[in-house]
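First comes the structure, then the notes that go with it.
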Amino acid sequence: MDNQDLTASFEVNESPKQVFDAITNVRGWWSENIEGGTSELNREFTYEVKDLHRCTMRLIEVIPNQKVVWQVLDNYFSFVKDQSEWKDTKIVFEVQERGGKTRVQFTHQGLVPAHECYGICADAWTGYITGSLHDLITTGKGKPNPKKN
């Protein structure tokens, strides 16, 4: 198998613009604890969940209604030995209209089965993408991690 990067995809009836707007509303589907910009080229944001996971992302490609790419600048997991597993990987969201539907293709380039975090990360990403993001697009309400007090 040549490409082992983590991927997930789904189709919805909503327009590419609605899908793109939901993807860039990271607080609406991933975490309410996002700090920084999530929709404009070269903006950076941080994600944090308790003492388990912290990361910093930079938007390195933004094509409205088509594609968003984040580069992982820094990452920490409390549950892995190798803290470099995510660093310099890319998280890609591709939006494509086909046959009256809009397809979302998510790829975490560089997150591969050989990584210690792969199992946990694959389950988490799949839940966020095919669950929370899908719901944000189709119902207007995702299931992000709640705001910390």
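The values are calculated or read from the model by the stated rules, or taken from the named source; none is laboratory data. Every value quoted in this text rests on a predicted model; they were computed, and no experiment measured them. Using ideal geometry, Cβ is built from the backbone for each residue, glycine included, and neighbour counts are taken over all protein chains shown.
Numerical summary
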{"item": "Among (1) at positive phi; (2) free of Cβ contacts under 8 Å to residues at least 24 places away in the same chain, the one test that N65 misses", "result": "(2)"}
{"item": "Complete set of residues in the stretch 48-74 that are crowded, with 18+ Cβ neighbours inside 10 Å and at pLDDT below 95", "result": "H53"}
{"item": "Check on F106, part of a strand (DSSP E or B) and in contact with a Gly (Cβ under 9 Å, 6 or more places away or on another chain)", "result": "no"}
{"item": "All positions within the stretch 1-45 that are polar (S, T, N, Q) and either surrounded by 14 or more Cβ atoms within 10 Å (Cβ to Cβ) or modelled with pLDDT of 95 or more (or both)", "result": "T7, S9, N13, S15, Q18, T24, N25, S31, N33, T38, S39, N42"}
{"item": "First in the stretch 20-47 and within 17 Å of T126 (Cα to Cα), second anywhere and modelled with pLDDT of 95 or more and assigned to a helix (DSSP H, G or I), Cβ under 6 Å, 6 or more apart", "result": "A22/L136; A22/I137; G28/L136; W29/S132; W29/L133; W29/L136; W30/Y128"}
{"item": "Residue satisfying condition, being of a type in the set (A, V, I, L, M, F, W, C) and part of a loop (DSSP other than H, G, I, E, B), within set L59, L111, L73", "result": "L111"}
